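Undergrad: If you scroll down you'll find the structure; I have some questions about it.
Each reported figure results from applying straightforward, stated rules to the coordinates on display, with no laboratory input. This structure is a prediction, so every number in the text was calculated from the model and none was measured. For neighbour counting, all protein chains shown are included, and Cβ atoms are generated from backbone atoms with ideal geometry for every residue, glycine included.
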Amino acid sequence: MTTTAHGTDDRSPAAMPTRGVMNDDPGNAFEVIEAYYDALDTHDADRLRDVLDPAFVQERPDRTFEDRESFVRFMREDRPNPHTSHAIDSCTLEDDAVVVEGRLLEATSADRELLSFVDRFTLEDGVITHLETMAADE
């Protein structure tokens, strides 16, 4: 079963789907995803830590993070450009994951688009356990 919500730059839970097949309550899953992006955009390391499982893994084209603390540390200390925000274009609930399509914007340049991305989230017990990040054209 797939449920889709579309809406440029609209990350409110009300705009996201609330039905589908997942390990968690789908409505809660979308709230967790929204909190993830908000924590990244506001540089809130504690909130980011709260939505990630301790064994969280992120796979992306340039690197893999094998646990929550290494990912949070990277986002807090080593981000190539900390002046960014995420614009969410669509959020899709698939059988075992939430797939988000969006754009990374440079906040200091009139929201200039740096790249388009696709994030595929797996959640268990109300936290993100796995994230695969891809360029939108992959």
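Undergrad: Name the residues whose placed amide hydrogens come within less than 5 Å of the amide hydrogen of Thr84, ignoring near sequence neighbours (fewer than 5 apart) on the same chain.
TA: Residues meeting the criterion, in which the H sits 1.01 Å from N, are Ala107.
Undergrad: Quote the FRET efficiency, to the nearest 0.05, computed for Asp62 versus Asp125 with a Förster distance R0 of 25 Å and r equal to the Cβ-Cβ distance.
TA: Efficiency, from the Cβ-Cβ distance: 0.30.
Undergrad: Now a separate question. Would you work out if the stretch 50-138 is rounded, prolate or oblate? Take a ≥ b ≥ c from the square roots of the eigenvalues of the alpha-carbon gyration tensor; rounded if a/c is under 1.5, else prolate when a/b is larger than b/c, oblate otherwise.
TA: Since a/c reaches 1.5 but b/c is at least a/b, the shape of the stretch 50-138 is classed as oblate.
Undergrad: While we're on this one: Would you mind computing, in nm to one decimal, how far apart the modelled labels at Glu106 and Asn28 are, each placed 7 Å from Cα along Cα→Cβ?
TA: In this crude label model, Glu106 to Asn28 measures out at 4.1 nm.
Undergrad: How do 88-94, 102-108 rank on mean C-beta neighbours within 10 Å, highest first?
TA: Values: 88-94: 19.9, 102-108: 16.1.
Going from most to least packed, we get 88-94, 102-108.
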